[in-house]
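Student: One structure is given below, represented as structure tokens, and several questions about it will come after.
The values are calculated or read from the model by the stated rules, or taken from the named source; none is laboratory data. In this text the structure is predicted, and so the values were computed from the model without any measurement. A quick note on method: Cβ atoms are made from the backbone with ideal geometry, for glycine too, and the neighbour counts reach across all protein chains shown.
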Amino acid sequence: MSETYRVPVGPIHIALEEPVYFKVKVHGESVEDVDILSGFVHRGMEALVLRRNFLQNMIITERTCSLCSNNHPFTYIMAVEKIAGVRIPPRAEYLRVIADEVKRAASHLFNVSMLAHLVGFHSLMTQTMETREVLQDVKESIWGNRMDLGANTIGGVKYDLDKEQIRYLIKQLNLIKKPIRELTNIYSNNRIVRARTEGVGLLPKEDAVRLGVVGPTARGSGVNNDIRAIYPYVVYDKLNFEVILEDGCDVRARALVRLREVFQAIDLVEQCLRGLPDGPVTTPGLPRIPEGEGVARTEAPRGELFFYVKSNGTDKPERMKWRVPTYLNWEALKVMMPGNKIADISVIFNSIDPCISCTER
Amino acid sequence: MTIAKKEMVSVLLAQLKIYVTSGYEHRFSHFDHLGNEDVYISLHDKGDIGKVASVFQHHGGRVITITPYVVDSGYQIAYHFDVTGIVLTVTLLTEDGSVDSITPILKSADWTEREMQDLFDIKIIGHPNPDRLILDESMAQGIFKEYMTLSDAMTGAATNTLWERINEAKGGHDE
């Protein structure tokens, strides 16, 4: 009972959707410490993008990962547009937000459904996934794909919404409001879910600040790192929204932030549809990318996504670097895990909404 | 919001003038129509990066990421910081391929410094946990400095592991 063991979790493990390696030190049933090793899906994308031109890189960056796929080209393109001094048409700015918020709602619902799966509440998981399926249909109907939307291009967006599509989008969003309210009620109040999430995986606010964590992981500990508010882009400055913060600092708080952000995403899409101006969706022609450097960041579903692009005046970037939200959130697991039971490891791990393909590029 | 950000940029640049002993060059700032300012700075001496990190840490800043890249005279390293919603990119040159760690000052630099060590073979001096992050121990550090074709990588030319296993299966005889 008093002995200390090291339990390997991964690199390939039944509780993990992607490969990562945890060396967990346990004392009896309790976790004492955790060491994390990564690099199992490192694809050298940062080297690859230097051998492709600026347009081809829109396609590559979208394939960094699937759940936040829209944010990668979105952010990359904004960095390139800064170098080229391009200001996109107002209609395109609204359309960029619509695509991004639909992706956010679907991504958050996926994460909370995984939480239901991990606590053994399978009917809640299927209900959540069924609700999310409406958004998957929306993505497939409007953008032609369930995951990679291909919505953005340098100088604007690649899609437009006609009246019929707008009516369809509003109808589908209305369809999921009631189920999401019911689901939120279960995630917040159900005895089983509360027992497995309340007080589990604590990340105190001061640790969240010290580690520089981002996204719902930070906001579940009361830290406002929402890029849409602190570093507004496209039309977020014109939209009416408040940053959602919870102060529970535990798995439950992080799940509640995501659920509340699903409502917020729906509201933001509706605001954009109401305010959608007429006009073109791209600038005419393609700009030449001059020598220079630019940074851009967006609030991806998991938090701040950052791109740095350096151009030397040719059609290919001289250097490109991107930092995904999960990258900063890993170290928080070392604070969240100790003191919890072995059975909680996967629940805590899921609570940072990890994306390993993103992390390793 | 915009005024507060402008004031903060002035405060940060003034404090850097005091604490960065070898000086810096404020190369340019990028302003957008939403009130954001991206600041680009170059350090004259790489040894000043710790002082920069301390100034930003004092104002609640964090490291977003670090971008190293190879130049003729060594490595250029661009540090990207966030201080109250302002992005500051601080670039330095290291000719001998070493730089002081800022992880003891800003914990958010931890992984990105280790990644830089793995992929570019840049020596990070004083990192509290300098273990490999991305690459397995069997692979040489600094793999990003080399160009390796996919076919080479897939035939196992990137590591010795494959041939070691084949030799082991053959009873340890090299052929």
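Student: Taking residue A:243 as meeting all but one of (1) crowded, with 18+ Cβ neighbours inside 10 Å; (2) in contact with a helix residue (DSSP H, G or I) (Cβ under 6 Å, 6 or more places away or on another chain); (3) within 14 Å of chain B (Cβ to nearest Cβ); (4) free of Cβ contacts under 8 Å to residues at least 60 places away in the same chain, write down the number of the exception.
Tutor: Of (1) crowded, with 18+ Cβ neighbours inside 10 Å; (2) in contact with a helix residue (DSSP H, G or I) (Cβ under 6 Å, 6 or more places away or on another chain); (3) within 14 Å of chain B (Cβ to nearest Cβ); (4) free of Cβ contacts under 8 Å to residues at least 60 places away in the same chain, only one is false for residue A:243: (1).
Student: Continuing with this model, one more query. Here are some residues: A:303, A:248, A:279. Which one is within 14 Å of another protein chain (Cβ to nearest Cβ) and not basic (Lys, Arg)?
Tutor: A:303
Student: Considering only residues that are modelled with pLDDT under 85, within 14 Å of chain B (Cβ to nearest Cβ) and assigned to a helix (DSSP H, G or I), look in region A:328-357 and name the one that is surrounded by the fewest Cβ atoms within 10 Å (Cβ to Cβ).
Tutor: Applying the filter and picking the extreme gives A:331.
Student: Return the residues of region B:88-140 that are part of a loop (DSSP other than H, G, I, E, B), charged (D, E, K, R) and more than 14 Å from every other protein chain (Cβ to nearest Cβ); say none if nothing qualifies.
Tutor: From region B:88-140, those part of a loop (DSSP other than H, G, I, E, B) are B:95-97, B:101-106, B:121-122, B:126-140; that's our starting set.
Narrowing further to those that are charged (D, E, K, R): B:95-96, B:121, B:131-132, B:136-137.
Passing the criteria: B:95, B:96, B:121.
Student: Can you name the condition, by its number, that residue A:271 falls short on among (1) in contact (Cβ under 8 Å) with a residue 60 or more places away in the chain; (2) more than 27 Å from residue A:61 (Cα to Cα); (3) polar (S, T, N, Q)?
Tutor: For residue A:271, the failing item is (1).
Student: Only residues that are surrounded by 19 or more Cβ atoms within 10 Å (Cβ to Cβ) and either over 16 Å from the mean Cα position of the chain (by Cα) or within 14 Å of another protein chain (Cβ to nearest Cβ) (or both): list them for region B:31-50, please.
Tutor: Matches in region B:31-50: B:36, B:38, B:39, B:40, B:41.
Student: Take residue A:66 and decide whether it is among the polar types (S, T, N, Q), touching a residue at least 24 places away in the same chain (Cβ under 8 Å) and either closer than 22 Å to residue B:32 by Cβ or at the interface with chain B (Cβ under 10 Å from one of its Cβ atoms) (or both).
Tutor: no
Student: For region A:1-54, which fully contained strands (runs of 3 or more DSSP E) count at least 2 residues that are crowded, with 18+ Cβ neighbours inside 10 Å, touching a residue at least 40 places away in the same chain (Cβ under 8 Å) and more than 12 Å from chain B (Cβ to nearest Cβ)?
Tutor: Numbers: elements: A:4-9, A:21-27, A:30-37.
In region A:1-54, A:21-27, A:30-37 are the strands (runs of 3 or more DSSP E) which contain 2 or more residues that are crowded, with 18+ Cβ neighbours inside 10 Å, touching a residue at least 40 places away in the same chain (Cβ under 8 Å) and more than 12 Å from chain B (Cβ to nearest Cβ).
Student: Moving on. Can you pull out the helices (runs of 4 or more DSSP H) entirely within region A:198-256 that have at least 2 residues that are among the aliphatic types (A, V, I, L, M)?
Tutor: A:205-211, A:227-230
Student: Here's a follow-up. Just for region A:219-231: of the residues that are within 21 Å of residue B:4 (Cβ to Cβ), buried (at least 20 other Cβ atoms within 10 Å of the Cβ) and not β-branched (Val, Ile, Thr), which one is nearest to the other protein chains (Cβ to nearest Cβ)?
Tutor: Per the criteria, the residue is A:231.
Student: Then there is this: If you take the residues in region B:60-71 that are out of contact with any Ser or Thr (no Cβ under 6 Å at 6 or more places or on another chain) and at pLDDT 90 or above, which one is farthest from the other protein chains (Cβ to nearest Cβ)?
Tutor: B:68
Student: With B:74, B:85 as the choices, which residue is within 11 Å of another protein chain (Cβ to nearest Cβ) and surrounded by fewer than 20 Cβ atoms within 10 Å (Cβ to Cβ)?
Tutor: Result of the check over B:74, B:85: B:85.
Student: All but one of (1) under 30 Å from residue A:43 (Cα atoms); (2) modelled with pLDDT of 90 or more; (3) in contact with a strand residue (DSSP E or B) (Cβ under 6 Å, 6 or more places away or on another chain) hold for residue A:313; which doesn't?
Tutor: Here residue A:313 meets the rest and fails (2).
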